[in-house]
Amino acid sequence: MTSQLHRTIGPEDVEANLARGGDIRVLLGPSTVGATSGFLGVVTVLPGEQVNEHYHPYSEEFLYVVEGDVELDLDDVPHSIGVGQALMVPIGVRHRVRNTGTVPARLVFHLSPLAPRPALGHVDTERSL
């Protein structure tokens with residue numbers, strides 16, 4: 001990461017959030033680049049693992065699969081998505097990402113708009129397995 005106004009940030013430049021399952025890293029957001037409208041990150045989910053169910057009361061989430069095959073459960077309805085495919089999770093919809101393949105799944109995610117405070121932006125609905 002550079003100290004310039006415009007920063008290039010990679011996954012190795014930010015801490016991983018492992019608490020919800022998977023390896024979640026916010027690359028561009030309020031704390032990394034001062035973003036005010038949303039944030040972008042990457043998540044890696046190993047075969048057989050998942051990012052636990054949660055929802056965002058203020059934000060839409062956009063997911064794009066870079067590598068692997070995943071099932072995205074939206075309000076308990078599974079949706080299979082693979083490399084080169086994207087899906088939008090509407091505000092308030094419960095969702096989890098499950099790696100159903102044999103290789104690590106890598107996804108890019110973007111959430112917008114931001115919640116009024118970070119603590120209000122994410123609601124967990126299940127605990128880690």
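Going by the structure shown, is Ile81 surrounded by fewer than 19 Cβ atoms within 10 Å (Cβ to Cβ), more than 22 Å from Pro11 (Cα to Cα) and modelled with pLDDT of 95 or more? So Ile81 does not fit the description; no.
Of the residues making up the range 96-124, those that are open to solvent by 60 Å² or more (accessible area, probe 1.4 Å), under 20 Å from Glu53 (Cβ atoms) and more than 14 Å from the chain's Cα centre (by Cα) are Thr100, Pro118, Ala119.
Of all residues in the range 24-46, those that are open to solvent by less than 40 Å² (accessible area, probe 1.4 Å) and either in a loop (DSSP other than H, G, I, E, B) or more than 30 Å from Thr100 (Cβ to Cβ) (or both) total 4. Residues in the range 47-78 that are open to solvent by 20 Å² or more (accessible area, probe 1.4 Å) and of a type in the set (A, V, I, L, M, F, W, C): Phe62, Val66, Leu74, Val77. Of the residues in the range 1-15, none is open to solvent by less than 70 Å² (accessible area, probe 1.4 Å) and in contact with a Pro (Cβ under 7 Å, 6 or more places away or on another chain).
Beta carbons closer than 9 Å, at least 6 apart along the sequence or on distinct chains, never pair a first residue in the range 6-22 that is within 22 Å of Val97 (Cα to Cα) and in a strand (DSSP E or B) with a second that is of a type in the set (Ser, Thr, Tyr) and open to solvent by 20 Å² or more (accessible area, probe 1.4 Å). Across the range 84-95, the number of residues qualifying as under 18 Å from Val108 (Cβ atoms), of a type in the set (A, V, I, L, M, F, W, C) and open to solvent by less than 40 Å² (accessible area, probe 1.4 Å) comes to 2.
Being among the hydroxyl-bearing types (Ser, Thr, Tyr) and within 16 Å of the chain's Cα centre (by Cα) is a property that does not hold for Thr36.
Scanning the range 54-90 for residues that are more than 27 Å from Arg117 (Cβ to Cβ) and free of Cβ contacts under 8 Å to residues at least 24 places away in the same chain returns Asp76, Val77, Pro78, His79, Ser80, Ile81, Gly82, Val83, Gly84, Gln85.
The values are calculated or read from the model by the stated rules, or taken from the named source; none is laboratory data. All values derive from a computational prediction rather than experimental measurement. Heads up, the Cβs are rebuilt from the backbone with ideal geometry, glycines too, and the neighbour counts pull from every protein chain shown. Just so you know, the surface numbers come from the protein's heavy atoms only, side chains and all, with ligands and any DNA or RNA stripped out. Shrake-Rupley method; radii C 1.70, N 1.55, O 1.52, S 1.80 Å.
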